[in-house]
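Undergrad: Below: one structure in structure tokens.
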Amino acid sequence: MFKKIYTLSILLLLFSTTTAQDYSKFNLLPQPVELTRGNPNSRFEFTPQTTIIYTFGENNFKPAINAIQEIAENIFGTKIKCATKVNGDNNIILKKNNSLAEEEYILEITPENIIINSKSGVGAFYAIQTLKQIIPVQAYETPIDLNKLSLPIIKVTDKPHFAYRGFMLDCSRHFWSVETIKEVLDIMAMHKMNRFHWHLTEDQGWRIEIKKYPLLTQIGSLREQTTTGKNVGMDGIPYGGYYTQKDVKEIVKYAQERCITIIPEIEIPGHSLGALSAYPWLGCRGENGNYKTWSNWGVAPEIACAGKESTFEFWEDVLSEVASLFPGEYIHIGGDEAPRDEWKICPHCQQRIKDNGLKNEAELQSYVTNRIEKFLHKKGKKIIGWDEILEGGVSQSATIMSWRGAEGGITAAKKGNYAIMTPSGHCYFDYYQTTGRDDEHLSIGGYVPLRKAYELNPYDQLSPEEQKFILGVQCNLWTEYIPTKMQLQYKLLPRLGAIAEIGWCNPSPETKDVEGFIGRSKELSRYYYAFGWNCAKHFYEDDVQIGW
Ligand code: ACM
Ligand code: ZN
């Protein structure tokens, strides 16, 4: 009842063009670089008759146009018109402005029109994401279609601090449907995040169709059962799932329409039991290796053989198909937690070490990384690897993803390698969010509350010159203990907002306003609910307003 009365009174406010509403506080997340308010007594009236005007190439502006249409459908129950020429007022005008940076935009809400300046469709898309948050949440919450929405007169000038603002989803420990991934991409887009790191292969399952190696998905995507609790027993239920290449293309397109580039990850040389179970000749133990896709969590001791040429042929074939499926410039080749013990006793691997004058197994892993990198360069791709790839030496062109703390990223930046900061203490969202763990479902461990995520300083210990090598930040969701979409979104929100803001805004501790961020995050959570997304509301000391 309270909700209905509240909604109704808010609606009355929204319908009114003359009521002086208090727009002094905008809860934008990420916070824009600059926001100025115009006349508080004037409004722009957004209506079903508002027309989208694009003055050059519709294709360029497709993500922005689609995003406007989605908002219009959500609040008016109908799409709005598009045109290429201005005819009177009441328009959303998309203008090309070559003086702006690639992702930069200027959003002006005037009494007559909404005007968006950007160099490309990406900037325009981000302007619409800002507009989406300027629209009061009640417009999305109410099931009643509005016929007019009164918006404040403002000007936002905005651009991101970092070029790389990422999120990684583990689709191997638990498999996520195409629809769930699309929802994740929607969540990312709303936060102006632009890189989806898709973790596709693991000990527990290979999840991407590779035409040349059909057993990867016919055998390698399946495990007999899954461990329960903290490896205390087995559930006895076969588990599997994979993305066909058609699915992959659909997801790549969906991401592109939201200005998100996908970075696929193919784990090399560890975390490979899925592949080894399908093609045992890939392993050091060979055909009699008795490899089985893993039912446990942790790091399996098996590894792909770096001594045999056939393994490299396999990797190159797989990466060739992957490179042609994903248009982005990067492929992530894993490299983390590679258990090198089997290499110590494998005659093929030891021969490779000898033939190439390598000192040890760490250098053998570097040999693998360098050779794969050279192959991918020929395909026009760059590599990203987890920070372990630094251990035996790494080429200058490899990008390092720093997860075991910030050290890997710091080392990389100091030696002139690009790095992405995703230290587990701030960025691992599989960790618990509260101290009252009994309130949460079983998690892998750790503790990353919202504030801790927001405390990430990707420039810590780096000189201004070294800071130039930090490409950006990323949060990660490993899914051993996350079997459902509700839990996935609970882990993601609102913490994703913290990393999104660190990526978008100047992340130096002096410019951060933690309390301001928490307040804006709390407001944004109402949008999450309005869009049907789950969110961890007990983050907030006072959650009375949340979730009603
Ligand atoms: C990792 O968490 N093993 C990158
Ligand atoms: Zn071997």
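Undergrad: Going through the stretch 321-358 one residue at a time, which ones are closer than 13 Å to residue 381 by Cα and buried (at least 16 other Cβ atoms within 10 Å of the Cβ)?
TA: Passing the criteria: 321, 322, 323, 325, 326, 328, 330, 331, 332, 333.
Undergrad: Shifting gears a bit: Taking the stretch 36-81 only, how many residues are without any contact (Cβ under 8 Å) to a residue 40 or more places away in the chain and aliphatic (A, V, I, L, M)?
TA: 3
Undergrad: Among the residues of the stretch 97-132, what is the count of those that are assigned to a helix (DSSP H, G or I) and under 17 Å from residue 28 (Cα atoms)?
TA: Of the residues in that region, 10 qualify.
Undergrad: Just one of 197, 174 is closer than 26 Å to residue 469 by Cα, of a type outside the set (Gly, Ala, Ser) and modelled with pLDDT of 95 or more; which is it?
TA: 197
Undergrad: Has the stretch 337-356 got at least one residue that is touching a Phe, Trp or Tyr at 6+ places or on another chain (Cβ under 6 Å), within 16 Å of ligand 1 (Cβ to nearest atom), acidic (Asp, Glu) and part of a loop (DSSP other than H, G, I, E, B)?
TA: No, the stretch 337-356 contains no residue that is touching a Phe, Trp or Tyr at 6+ places or on another chain (Cβ under 6 Å), within 16 Å of ligand 1 (Cβ to nearest atom), acidic (Asp, Glu) and part of a loop (DSSP other than H, G, I, E, B).
Undergrad: Still on this structure: Would you pick out the residues in the stretch 401-445 that are among the small types (Gly, Ala, Ser), part of a loop (DSSP other than H, G, I, E, B) and within 12 Å of ligand 1 (Cβ to nearest atom)?
TA: Hit for the stretch 401-445 is 405, nothing else.
Undergrad: Please list, ordered by first then second residue, the pairs with beta carbon atoms under 7 Å, 6 or more apart or interchain, first in the stretch 339-351 and among the hydrophobic types (A, V, I, L, M, F, W, C), second within 16 Å of ligand 1 (Cβ to nearest atom).
TA: Going by the 7 Å Cβ cut-off, the qualifying pairs are 343/303.
Undergrad: Taking the residues in the stretch 52-96 that are assigned to a loop (DSSP other than H, G, I, E, B) and modelled with pLDDT of 95 or more as candidates, determine which candidate is farthest from residue 117 (Cα to Cα).
TA: 79
Undergrad: Go through the stretch 286-309 residue by residue and tally those that are within 11 Å of ligand 2 (Cβ to nearest atom) and without any contact (Cβ under 8 Å) to a residue 60 or more places away in the chain.
TA: Counting residues in the stretch 286-309 that are within 11 Å of ligand 2 (Cβ to nearest atom) and without any contact (Cβ under 8 Å) to a residue 60 or more places away in the chain gives 7.
Undergrad: How many of the residues in the stretch 107-121 are surrounded by fewer than 20 Cβ atoms within 10 Å (Cβ to Cβ), in contact (Cβ under 8 Å) with a residue 24 or more places away in the chain and either of a type in the set (Val, Ile, Thr) or at positive phi (or both)?
TA: The total comes to 1.
Undergrad: Any residue in the stretch 242-265 that's touching a residue at least 12 places away in the same chain (Cβ under 8 Å): show its pairings with residues that are assigned to a helix (DSSP H, G or I) and hydroxyl-bearing (Ser, Thr, Tyr) at Cβ separation under 7 Å, as long as the two are six or more apart or on different chains.
TA: What qualifies is 242/217.
Undergrad: All but one of (1) in contact with a Gly (Cβ under 9 Å, 6 or more places away or on another chain); (2) part of a strand (DSSP E or B); (3) modelled with pLDDT under 95 hold for residue 150; which doesn't?
TA: (1)
Undergrad: For the stretch 255-304, name all the residues that are part of a loop (DSSP other than H, G, I, E, B), hydrophobic (A, V, I, L, M, F, W, C) and either under 21 Å from the mean Cα position of the chain (by Cα) or surrounded by 23 or more Cβ atoms within 10 Å (Cβ to Cβ) (or both).
TA: Listed by number, the residues that qualify are 259, 260, 266, 268, 284, 294, 303.
Undergrad: Could I ask something else about it? Consider the stretch 256-301. How many of its residues are within 16 Å of ligand 1 (Cβ to nearest atom) and in contact with a helix residue (DSSP H, G or I) (Cβ under 8 Å, 6 or more places away or on another chain)?
TA: Number of matching residues: 9.
Undergrad: For the list (1) in a loop (DSSP other than H, G, I, E, B); (2) surrounded by fewer than 19 Cβ atoms within 10 Å (Cβ to Cβ); (3) of a type in the set (A, V, I, L, M, F, W, C), I need the number of the one condition that residue 375 fails.
TA: Answer for residue 375: the failing condition is (1).
Undergrad: Could you check, for the stretch 373-380, whether at least one of its residues is of a type in the set (Gly, Ala, Ser) and within 16 Å of ligand 1 (Cβ to nearest atom)?
TA: No: zero hits.
The values are calculated or read from the model by the stated rules, or taken from the named source; none is laboratory data. Keep in mind it's a predicted model, so treat the numbers as computed, not measured. Neighbour counts run over all protein chains shown; Cβ positions are idealised from the backbone, glycine included.
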